[in-house]
Amino acid sequence: MSILITGGAGYIGSHTCVELLEAGYDIVVIDNYVNSCPESLERVKKITGKDFPYYECDIRDRDGLDKVFAAQKIEAVIHFAGLKAVGESCQKPLEYYDNNITGTLTLLEAMRANGCKTIVFSSSATVYGAENQVPFVETMKTGTTTNPYGTTKLYIEGILQDVYKADNDWSVVLLRYFNPVGAHESGMIGEAPSFPNNLMPYISQVAVGKRECVNVFGDCYDTPDGTGVRDYIHVVDLAKGHVNAIQFALGRTGVEIFNLGTGHGVSVIELIKAFSEANGIEIPYKIVEPRAGDIAYCYANCDKAQRVLGWKAERDIKKMCEDTWRWQKNNPNGYNS
Ligand code: NAD
Ligand code: WQD
């Protein structure tokens, strides 16, 4: 039996494929490569020395999904596939709702029709909104999202909860990621955005000489140095969290929510300085206007993941910076390098 990984060629998906293969799971990947390419999957094979099937398939393509279910014995799904750029989602809300929500509905219909009722879903800390106080705990009422991307995560969490309410045979695990950064220690897979919307990819593109300086979005937040504080988590720790989550999800039913973060907040300036120190590279930065929709603090309480899943993030900020840089300098143009 295999685990189906939707969006497995992407940043978090490819790292999770490595960890699942190394933990002894069989996997099958589907991706439409809208934000990735099959080269990442070829590199997963090189890193692990293991083979697995992958298909070019859109999660909105019901016939395509049925063909994959017919060809493979699938016992559970880890569902990463989705569009994730916050700014773009404000320009293209219909495309985001269609891709993320219609896509998830089609996937769930295909799962139900093929007798597969176990799913681990990539949700986001964004569902906590601005009303809650840090550290965010899973039991908090989810907040008001500030962009269509975040709203898709909130809605999909609700859809999955309703699916379980209607049919108690389902096993649903909602993973709320904080800020994934870093790369596999081999330097062979990592994050390859065409434009860096997030802080760490921006820092690493400055380091490699593709951008002049980091624009720090505001220094007047109510935080120790005035810049935004986030819970950066190494993508390999995050990927390992999926191995624990799938182990947990298989052989049970119900809905459970887990934060996957470190539980520690790091400011924008602290992250820039940590990257400089870890890699011995000067990172110029300048303070610019705050970015709309940003909040001062976002970090997790991860006690539940430790208690129930037996999972805890282990890699520190220095390691996150070193591994990001190894990937970036070996692959200055991502998988096209
Ligand atoms: P990513 O863009 O690297 O990976 C997503 C993958 O899904 C890509 O390979 C893309 O080609 C594929 N995809 C998108 N739409 C598809 C469709 N309709 N059919 C098939 N494949 C499709 O992003 P990521 O950072 O690896 O994120 C993975 C998941 O985690 C996403 O759902 C994202 O929203 C969520 N998430 C990411 C972060 C983050 O900061 N990276 C934080 C919280 C949650
Ligand atoms: C981090 C900090 C910025 C870029 C986003 C999504 C969230 C989740 C994770 C998917 C903030 C500051 C950033 C820059 C900066 N994704 N910053 N200059 O906004 O915490 O979370 O990714 O679910 O939904 O919103 O991450 O990396 O964009 O920003 O000063 O060029 O860095 O203001 O304080 P964010 P980020």
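Key figures for this structure:
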item: Nearest-0.05 FRET efficiency for Gln161 and Asp63, computed from C-beta distance (R0 41 Å); result: 0.90
item: Stokes-Einstein D in µm²/s, Kirkwood radius over Cα pairs - region 248-322 at 4 °C with 1.567 mPa s viscosity; result: 84 µm²/s
item: Formal net charge of residues neighbouring Val172 (Cβ-Cβ distance under 12 Å; K, R +1; D, E -1); result: -2
item: Mean Cβ neighbour count within 10 Å, used as a protection proxy, ranking 259-265, 192-198, 220-226 highest first; result: 259-265, 192-198, 220-226
item: Positive minus negative residues near Val134 (Lys, Arg vs Asp, Glu; Cβ under 13 Å); result: -2
item: The chain: antiparallel DSSP beta bridges as a percent of all, rounded to 5; result: 5 percent
item: Amide H contacts under 5 Å for Ile30, placed H, 5+ residues apart; result: Ile5, Thr6, Gly7, Gly8, Tyr55
item: Karplus 3J(HN,Hα) series, Hz, for region 252-263 with 6.51 cos²θ - 1.76 cosθ + 1.60 (x for Gly, Pro); result: 9, 10, x, 10, 10, 10, 9, 7, 10, x, 9, x
item: Trypsin sites (Lys or Arg not before Pro) within region 154-228, DSSP loop, no more than 14 other Cβ atoms inside 10 Å; result: Lys210
item: Paramagnetic label zone (point 7 Å from Cα along Cα-to-C-beta, Lys319; backbone N under 20 Å) in region 273-288; result: 273-280
item: The chain: angle of helix 103-113 to the longest principal axis, Cα-based, in degrees nearest 10; result: 30 degrees
item: Cα Rg, Dmax (largest Cα-Cα span) when computed across region 117-174, Å; result: 12.2, 34
item: Computed over region 157-208, Kirkwood Rh from alpha-carbon pairs, angstrom; result: 14.3 Å
item: Ordering of 10-18, 118-126 by packing [mean C-beta count within 10 Å, highest first]; result: 10-18, 118-126
item: Cα-based Kirkwood hydrodynamic radius, region 180-260, one decimal, Å; result: 15.6 Å
item: Burial ranking of peptide ranges 315-328, 141-154 (average Cβ count within 10 Å, highest at the top); result: 315-328, 141-154
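Coordinate-derived values only; no laboratory data. The structure presented is a predicted model; accordingly, all values stated were derived computationally and were not measured. A quick note on method: Cβ atoms are made from the backbone with ideal geometry, for glycine too, and the neighbour counts reach across all protein chains shown.
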